[in-house]
Amino acid sequence: MTTAPSAPPRVAVLGAGIAGLTAAYTLQQQGVDVTVFEATSRPGGVIRSEVIDGYLVEHGPNTLQSGTPVLASCLADLGLEAARCPASEAARKRFVVRGGSPLPLPTSPLALLSTPLFSARARWRLLREPFVPPAPPHLEESVADFTRRRLGEEWLAYAVNPFVAGIYAGDPERLSLPHAFPTLHELEQTHGSLIGGLFRRMRARRAAEGTDASPRTSRRPFSFRDGLAMLPEALARRLGPAVQYGQAVTRLVPTEGGVLVETGDASPRPFDAALVALPLYQLTGLLDVDEAVGPQPAPVTYPPVSVVALGFRREDVAHPLDGFGVLVPACETDFQILGTLFSSTLFPGRAPDGHVLLTTLLGGARRPELALAPEARREQAVLDDLRRLLGIRGRPTLVRHVCWPRAIPQYERGYGAVKAWLAALERHTPRLAFAGNYRAGVSVGDTMASGVDAAHRLARTLGVGTPDPR
């Protein structure tokens, strides 16, 4: 007498952003029956690419970084390699505003000796960095305090501050070094010095690569022919009818053998497990947390960010736009923007012939009120700054506004309590897992990796699939 094969476990994935899609894709590969609940009508979350009058506008992230294993495997499996577009060689140059002008950030020791971006005193301070003793391992410094201690105030003002704004739209005085920039924390703790640690890592990487003659373009940031949205759209196509749109989950109820999923318009649906890939602020009211785990720590800050995409005729922009973009430090108080990407320099096909596309970020922790201002106010702020910085004349040929009222989670000091609470919740309720840009980094690659990690945790709990190859 033959025994009928048992049905595969059923897992609910909440959210079809990049974390949820990657998790569902990973679970599906493990033989799990997946259902993805997405409240909106499209996949991708903040990743969205829109074509308007020949311009390709990104609503959220603009680039991906090579080197993430899950990303590499996804591109190969989903057939996206042919659509991959490396950033242009010109994008290696990045500008930072000082004294009201965009100045190139030095990319070599020789350029550092002659750059007007940093004073002779700041350059001398950099030479002293290897001799600064590391902080005690248990000390949780802010990014700003760490930078002052190792590099000095000028490097904080004109290097770290603008790049923190570009990555987190955040304030380095509040962000936690070990959580927001764990690599820097590890370099100091392991090697005693940032410069020494970086040189050792570079030598180790070259030794590991050996005779690898892979082109430099393979290590550049990249996008896709039709924008970053090609990635979540390809994942959603692979998942097929497993992705259910217009389905907002209102409540999760853990049971002895799984979890009940309530959507508000039907009876609760039973699943063997659930993977939550929603923003942290949406967890409130979603499930009752056992007293043994304790209440959720203080709410994580998500400052608002607005994207203002402007198109111009090329002859109306004096600047050569020969770089990735320009970042504005907080100390340059005459300006209102956080920074601008030279989108049509970064990748081909972002603007019609004879035109350019500039993508500007407003708000964040620095100016949250500006991100939420009326569109006319935001547009005027961008135009005022870009006219001074880039020599723009005339009116834009494209204006597109996108506002994210809660944009990027801030890994502020004390963020370890948030991570510990999530880990405790998963241990206490092993048929629940959490994934998103609040777990181990805010980049697209880090967010995808969090989805893979959560999927493998659930697969182990359910006794299916193969071990995580990483």
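Largest first, please: the extent of the C-alpha atoms of the chain along each principal axis, to the nearest Å.
Cα extents, longest axis first: 81, 55, 49 Å.
Report in % the part of the accessible area of the chain that belongs to carbon and sulfur, leaving out ligands and nucleic acids; probe 1.4 Å.
Roughly 56 percent of what the probe reaches on the chain is carbon or sulfur.
Using the alpha carbon gyration tensor of the stretch 284-326, what are the three equivalent-ellipsoid semi-axes (square root of 5 times each eigenvalue), largest first, in whole Å?
Equivalent ellipsoid semi-axes, largest first: 49, 12, 8 Å.
Quick one: if you take sqrt(5λ) for each eigenvalue of the C-alpha gyration tensor of the stretch 422-465, what semi-axes come out, biggest first, whole angstrom?
Semi-axis lengths for the stretch 422-465 are 19, 13, 5 Å.
Residue separation times 0.36 nm, minus the C-alpha to C-alpha distance between ALA83 and PHE199: what's the value?
The ALA83-PHE199 span can extend by a further 38.4 nm.
Once you charge only the Cβ atoms, +1 for Lys and Arg and -1 for Asp and Glu, what is the size of the charge dipole of the stretch 1-97 about its Cα centre, to the nearest 20 debye?
260 debye
Using only Cα atoms and rounding to the nearest 10 degrees, what angle (0 to 90) does helix 194-209 make with the longest principal axis of the chain?
The answer is roughly 60 degrees.
Find how much the distance from LYS419 to HIS401 grows on full extension, using 0.36 nm per residue of separation minus their present alpha carbon separation; answer in nm with one decimal.
Net length gain for the segment: 3.1 nm.
Using the Karplus equation 6.51 cos²θ - 1.76 cosθ + 1.60 (θ = phi - 60°), what ³J(HN,Hα) coupling, rounded to whole Hz, does each residue of the stretch 321-333 give in order, writing x for Gly and Pro?
6, 9, x, 6, x, 10, 10, 10, x, 4, 6, 7, 6
Mind pulling the angle between the C-alpha long axis of helix 182-191 and the longest principal axis of the chain? Nearest 10 degrees, somewhere in 0 to 90.
Taking Cα atoms only, the helix is inclined about 70 degrees.
I need the shape label for the stretch 1-131. Rule: rounded when a/c is under 1.5, else prolate if a/b > b/c, else oblate, with a, b, c from the alpha carbon gyration tensor.
Prolate, since a/c reaches 1.5 and a/b exceeds b/c.
Could you calculate the FRET efficiency of SER41 with LEU127 from 1/(1 + (r/R0)^6), where r is the beta carbon distance between them and R0 is 51 Å, rounded to 0.05?
0.35
Distance between Cα centroids, the stretch 85-143 to the stretch 267-315: provide it in whole Å.
After rounding, the separation between the Cα centres reads 34 Å.
What does the highest-first list of 157-166, 49-58, 414-423 look like by mean Cβ count within 10 Å?
The packing order, highest mean first, is 157-166, 49-58, 414-423.
Counting heavy atoms of the protein chains only and a 1.4 Å probe, report the per residue accessible area for the chain as a whole number of Å².
So the chain comes to 45 Å² accessible per residue, rounded to a whole number.
From the helices alone, meaning DSSP H stretches of at least four residues, give me the mean residue ellipticity at 222 nm for the chain, per-run term -39500 (n - 2.57), in deg cm²/dmol to the nearest 500.
After summing the helix terms and dividing by residue count, I get -9500 deg cm²/dmol.
Give me the percent relative contact order of the chain, please, defined on Cα pairs under 8 angstrom at least 6 residues apart.
25 percent
Can you give the net charge of the other residues whose Cβ lies under 13 Å from the Cβ of SER6, counting K and R as +1 and D and E as -1?
With Lys, Arg at +1 and Asp, Glu at -1, the neighbours total -1.
The values are calculated or read from the model by the stated rules, or taken from the named source; none is laboratory data. Here the structure is a predicted model, which means the values were calculated and not measured. In this analysis, Cβ positions are derived from the backbone assuming ideal geometry, glycine residues included, and neighbour counts consider all displayed protein chains. To get the accessible areas, we keep the full protein, side chains included, count just its heavy atoms, and leave off ligands, DNA and RNA. Shrake-Rupley method; radii C 1.70, N 1.55, O 1.52, S 1.80 Å.
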